Amino acid sequence: MKTILFYAVVVVLAIMGDQAIKILVEHSLPYQQMVPVLPFLALFRTYNTGVAFSMFNASESLWLFVMSVAVVAFVLFLAWKTESTQRLARLGFALVVGGALGNLVDRGIHGHVIDYVLFHTPVWSFAIFNLADAFITVGAGLVLLEEVLLWRRERAAKANR
């Protein structure tokens, strides 16, 4: 029970952090005007009507909402099926769920997701994203890392037999 509580707190903190920053962005950052931070990083408030990293922009918002809820439910199912010893994977799942719910809150309230981070060079720019997208990406990376570590441990155990 303690373990589930820890991951629930991670989810709630991810949502709260994401929403707090989005409120600051909405009230402080001009709409669609680049604010340079570093030579390769800028703040740029825009609205994403699509999914992660602005893919499928202007898609049916109800479909995206339902799809997001289904993805969250599937990730929760995977987390539930994950062994309690796979802490990195469970933390990753919690970050994915927190990020997905943070963006889902935006979609439910505003009909779009608030994005504001832009990595760029003079000739190239990455899609604009937000903290929730970063949580989803880092979370997925932790799940993959756990799988690689598990695979390596199993391989080493077979070699030692």
From the list 102, 141, 108, pick out the single residue that is buried (at least 18 other Cβ atoms within 10 Å of the Cβ) and either under 24 Å from residue 32 (Cα atoms) or of a type outside the set (Phe, Trp, Tyr) (or both). 102
Sole miss for residue 108 among (1) farther than 22 Å from residue 47 by Cα; (2) in a helix (DSSP H, G or I); (3) at pLDDT below 90 is condition (1)
In segment 111-135, residue surrounded by the fewest Cβ atoms within 10 Å (Cβ to Cβ) [restricted to those that are out of contact with any strand residue (DSSP E or B) (no Cβ under 7 Å at 6 or more places or on another chain) and more than 18 Å from residue 9 (Cβ to Cβ)]: 123
Check whether at least one residue in segment 34-55 is modelled with pLDDT of 95 or more and in contact with a helix residue (DSSP H, G or I) (Cβ under 6 Å, 6 or more places away or on another chain), and report yes or no. yes
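To keep it simple, each residue is scored yes or no on (1) in a helix (DSSP H, G or I); (2) within 21 Å of the chain's Cα centre (by Cα).
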{"position": "114", "(1), (2)": "no, yes"}
{"position": "135", "(1), (2)": "yes, yes"}
{"position": "148", "(1), (2)": "yes, yes"}
{"position": "151", "(1), (2)": "yes, no"}
{"position": "158", "(1), (2)": "yes, no"}
{"position": "161", "(1), (2)": "no, no"}
Give the residue that is farthest from residue 24 (Cα to Cα), with candidates limited to residues of segment 116-128 that are within 16 Å of the chain's Cα centre (by Cα) and in a strand (DSSP E or B). 118
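The values are calculated or read from the model by the stated rules, or taken from the named source; none is laboratory data. The shown structure was predicted, so the numbers you read here are calculated from the model rather than taken from an experiment. Every residue, glycine among them, receives a Cβ derived from its backbone with ideal geometry; neighbour counts consider all protein chains shown.
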